[in-house]
Amino acid sequence: MREAQAAIAATLLRGPDHLPAGLFAGGRAVVLRGLRIHANTISHARLVALEDTFPRTREYLGAAEFNRVSRAFIDVGGAEGRSLARIGAAFPGWLADPVAADLARVEWTWLESYHAADASALTLADLAGLEEAALLQLVVRRHPATRVVTLSRAIAPLVDPGFARDVRALLVARPNAEVRLFAITDADVAALAMAREFAPLGNLIAHLAERHPEGGAAVAALIAAGAFERV
């Protein structure tokens, strides 16, 4: 079965010369016609999946250009071996337009956050009433749904009109099961990088303070955004 599936996939991707003799009953012309219909159905489903995955990128490029680059992406095998839900994983890197690539990376990261593992987010309310020693010893870790997107161009207003043009990093978080985007600073990015594994909150603030004077405020803002997991 796996050999037959591989042969069909090779034929659909590389052409009829890769169709083994005797794989299907009937004449070669009939078999190839059936495979062509099957390939067109798959191609259409993939194109629709890309449109659904990257609506803002499609809006920026225009329907015709988005369709062109999507077809080219599929034709070179960019979607090969991926489910429709994962078809867009490599698409942002395929786009030559840097603005479109940034938009696509934001949209793909949004989906990654949406589908990430569930976990309770740490909130500022969880810190209320804690004495200073207990607060600094509180262990935190980056929430499984938290992502950072570094932008190569000043495209933040295209993502959200409320973002300033000089924003070069976005936080994707999922507090209360709702994916949200936040503009973040270098201190925020540093805090999230340090919190990949469990760390006491006091250590996080102290390390940040050495390089970023606003480190404490950055940690508080990230907690408010739901960027950390409640342990």
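By the beta-carbon count within 10 Å of each Cβ, the least crowded to most crowded order of V48, V99, V219, fewest first, is V48, V99, V219. Approximating the spin labels as points 7 Å out from Cα along Cα→Cβ, the D52-to-D75 distance works out to 2.5 nm.
Backbone phi angles across the stretch 130-146, fed through the Karplus curve with coefficients 6.51, -1.76 and 1.60 (θ = phi - 60°), yield HN-Hα couplings of 6, 6, 4, 4, 5, 5, 5, 8, 4, 8, 10, 8, 4, 5, x, 8, 6 Hz in residue order; Gly and Pro are listed as x. Backbone phi angles across the stretch 91-108, fed through the Karplus curve with coefficients 6.51, -1.76 and 1.60 (θ = phi - 60°), yield HN-Hα couplings of 5, x, x, 7, 6, 7, 6, x, 5, 4, 5, 4, 4, 5, 5, 5, 5, 5 Hz in residue order; Gly and Pro are listed as x.
With the simple model of a label 7 Å out from the Cα in the direction of the Cβ, A89 to H115 spans 0.8 nm. By the count of other C-beta atoms within 10 Å, a proxy for reagent exposure, S113, S120, S83 are ordered fewest to most as S83, S120, S113. Under 5 Å from the amide H of V140 lie the amide H atoms of A199, L201, each residue being 5 or more positions distant or on a separate chain, with H modelled from the backbone and absent for Pro and chain starts. Radius of gyration (Cα atoms) of the stretch 113-231, expressed as a multiple of 2.2 N^0.38 Å: 1.05. For the stretch 210-216, the Karplus equation 6.51 cos²θ - 1.76 cosθ + 1.60, evaluated at θ = phi - 60°, returns couplings of 5, 10, 10, x, 8, x, x Hz by residue, with Gly and Pro reported as x. Counting beta carbons within 10 Å around each of R147, R82 and listing the fewest first gives the order R82, R147.
Under 5 Å from the amide H of R230 lie the amide H atoms of S120, A121, L122, each residue being 5 or more positions distant or on a separate chain, with H modelled from the backbone and absent for Pro and chain starts.
All of the numbers you see were taken from the coordinates with simple rules; none came from a lab. Computed from a predicted model, the values in this text were never measured in an experiment. No Cβ is skipped: glycine too gets one built from the backbone with ideal geometry, and neighbour counts run over all protein chains shown.
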